[in-house]
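Working notes, structure below.
The values are calculated or read from the model by the stated rules, or taken from the named source; none is laboratory data. A quick note: this is a predicted structure, and the numbers were derived from the prediction, not measured. Positions of Cβ are backbone-derived with ideal geometry, glycine not excepted, and every protein chain shown enters the neighbour counts. Surface areas here come from the heavy atoms of the whole protein model, side chains and all, with no ligands, DNA or RNA. Shrake-Rupley method; radii C 1.70, N 1.55, O 1.52, S 1.80 Å.
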Amino acid sequence: MADRDTGTSSAGRGNAMWGGRFADGPSAIMREINASIPFDKALWRQDIAGSRAHVSMLAAQGILSAEDAQTIDDGLQAIAAEYERDGVPEDWDLEDIHMTVESRLTELVGPVAGRLHTARSRNDQVATDFKLWTREAIDEIDAGLAAVQAALVTRADEHAADIMPGFTHLQAAQPVTLGHHLMAYYEMLRRDRMRFASAKERLDECPLGAAALAGTGFDLDREATAKALGFARPTANSLDTVSDRDFAMDYLHAASIASIHLSRLAEEIIIWASQPFGFIRLPDSLSTGSSIMPQKKNPDAAELVRGHAGRIIGAATALSITMKGLPLAYAKDMQDDKPPVFEAHGLLVLSLASMEGMIAGAAFNTDRMLELASSGHATATDLADWLVREAGVPFREAHHITGAAVARADTKGCALAELTEEDLAAIDPRVTPQALSHLTLEGSVASRRSYGGTAPDRVREQVKAARDALRL
């Protein structure tokens, strides 16, 4: 968008909105770099809503006659109907959505349209529009996150007791339940929703009425316009108001972390879907084939969710770098604030929809999970814990004894739970046969009953709490 108060005229014919400051129009290059209508036309609904609130307030304050205000409002509603039906025209000579709306308003209602811009600037106007758009975007993302959470909770409930290997360093570590694993991602998305909610709370101040940078001499009722547009209050400092893009960076930072969480889940899905693992079969509707290998079923949707995270993080970085060196108040660099937010939002919406479909439609191979959970002596820690709890052995000594038991099981080619009483006695006389019952996968998982643990009854508690939170 143009520098809101030191802008240029339009190529060749001048821009009537700017008046007579410039005798010559800019070059074609300047016209192209200056125009933002190709992307900020997405703000047309917010722009018209802000203008209607503004003109209503001007009339209420006696700054504009009721007749002029009604004429302008009727014209704005007519424009909204046109744009809804036909889309927003792109005239680069008009630069942005604000001038596009005002120009069309002039065509519809005549010179009275010029009264609309009384006591405001494009600086506070664009900040208002962008905040309104971002507020709606946050609501859309929150709904998408909740939908993925609901899919995770549903599948976790189905598989609360199904055992799978838990990994650290992508090495088998301890057995966990599939339900427990899925609920881990529910928790990640819960924090994401908190971050977006916090971002929405911080943007809940209306910029309209801050004007270019210093406020205005007109007797405005900024509380009224804030209320009309659904904000809690007006912004408190006009300089900060037109300079602020924290709300956009807040959105992008929350989106970045959410995309990282989705990418981690996507990566696990990709691994699980591979033949060596065979944990999951993805729905055909979210998979693709190979142009040369007919046997292939590729997890492309998951791979694209993983890839989108990089682009979303890049968008957050781009806007942060744009803003880092800007003095107060408005600078033309800030025209580039919207493309990264718009791109990130579109990618995140698509990623959430894809992930919801993958989780809801996946078929889990719990037999294969149980088979791999049996490998790697995943219950070794249970033996060490048993020695501490039942025989009073210090943990470090218990760890050493358990290592000897693992070595004997490797030598015999058997699982820990398959060691004989003689094996146990040879390792350490304190390892009695009673320990064996704790070395089964089922026994191991059932014993992890600490709050937040993987025991099936604990998982079901968390599922119930999540269902209550999501109102499922």
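What is the one condition in (1) at pLDDT 90 or above; (2) open to solvent by less than 20 Å² (accessible area, probe 1.4 Å); (3) touching a Gly at 6+ places or on another chain (Cβ under 9 Å) that Q462 does not satisfy?
Here Q462 meets the rest and fails (2).
For the stretch 341-360, indicate whether the set of residues that are open to solvent by 60 Å² or more (accessible area, probe 1.4 Å), over 19 Å from Y185 (Cβ atoms) and hydrophobic (A, V, I, L, M, F, W, C) is non-empty.
The answer is no; no qualifying residue exists.
P429 fails exactly one of the following numbered conditions: (1) out of contact with any helix residue (DSSP H, G or I) (no Cβ under 7 Å at 6 or more places or on another chain); (2) open to solvent by 70 Å² or more (accessible area, probe 1.4 Å); (3) part of a helix (DSSP H, G or I); (4) without any contact (Cβ under 8 Å) to a residue 60 or more places away in the chain. What is the number of that condition?
(3)
Just checking, does the stretch 289-296 include any residue being open to solvent by 20 Å² or more (accessible area, probe 1.4 Å), over 30 Å from G62 (Cα atoms) and in contact with a Ser or Thr (Cβ under 6 Å, 6 or more places away or on another chain)?
yes
I'd like to verify a number: residues in the stretch 326-338 that are surrounded by fewer than 17 Cβ atoms within 10 Å (Cβ to Cβ) and in a helix (DSSP H, G or I), how many?
Of the residues in that region, 3 qualify.
Would you please name the residue that is least open to solvent (accessible area, probe 1.4 Å), looking only at residues in the stretch 361-373 that are of a type in the set (D, E, K, R) and at pLDDT 95 or above?
For the stretch 361-373, the residue satisfying everything is R368.
Starting from the stretch 326-352, take each residue that is assigned by the TED database to the domain that holds E303 and list its partners that are among the β-branched types (V, I, T) and open to solvent by 50 Å² or more (accessible area, probe 1.4 Å), counting only C-beta distances under 9 angstrom and pairs at least six apart or across chains.
Listed by first residue and then by second, the contacts come to P340/T317; A344/I313.
Matching residues to (1) more than 20 Å from I163 (Cβ to Cβ); (2) surrounded by 13 or more Cβ atoms within 10 Å (Cβ to Cβ):
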residue	(1), (2)
L383	no, yes
A391	yes, yes
A407	yes, no
D423	yes, yes
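Identify, by number, the condition in (1) modelled with pLDDT under 95; (2) open to solvent by 60 Å² or more (accessible area, probe 1.4 Å) that R45 doesn't meet.
(1) is the only condition that R45 fails.
Could you name every one of the helices (runs of 4 or more DSSP H) located completely within the stretch 95-210 that has at least 1 residues being of a type in the set (V, I, T) and open to solvent by less than 10 Å² (accessible area, probe 1.4 Å)?
Where helices (runs of 4 or more DSSP H) fall fully within the stretch 95-210 and carry at least 1 residues being of a type in the set (V, I, T) and open to solvent by less than 10 Å² (accessible area, probe 1.4 Å), they are 97-109, 122-158.
Which pairs turn up if I take residues in the stretch 266-282 that are more than 9 Å from A302 (Cα to Cα) and look for partners that are open to solvent by 50 Å² or more (accessible area, probe 1.4 Å) and of a type in the set (F, W, Y) with beta carbon separation below 9 Å, at least 6 apart in sequence or on another chain?
Once the first residue is more than 9 Å from A302 (Cα to Cα) and sits in the stretch 266-282, no partner that is open to solvent by 50 Å² or more (accessible area, probe 1.4 Å) and of a type in the set (F, W, Y) comes close enough.
Is it the case, given these coordinates, that D86 is acidic (D, E), surrounded by 22 or more Cβ atoms within 10 Å (Cβ to Cβ), within 33 Å of the chain's Cα centre (by Cα) and closer than 28 Å to D336 by Cα?
Answer is no for this residue.
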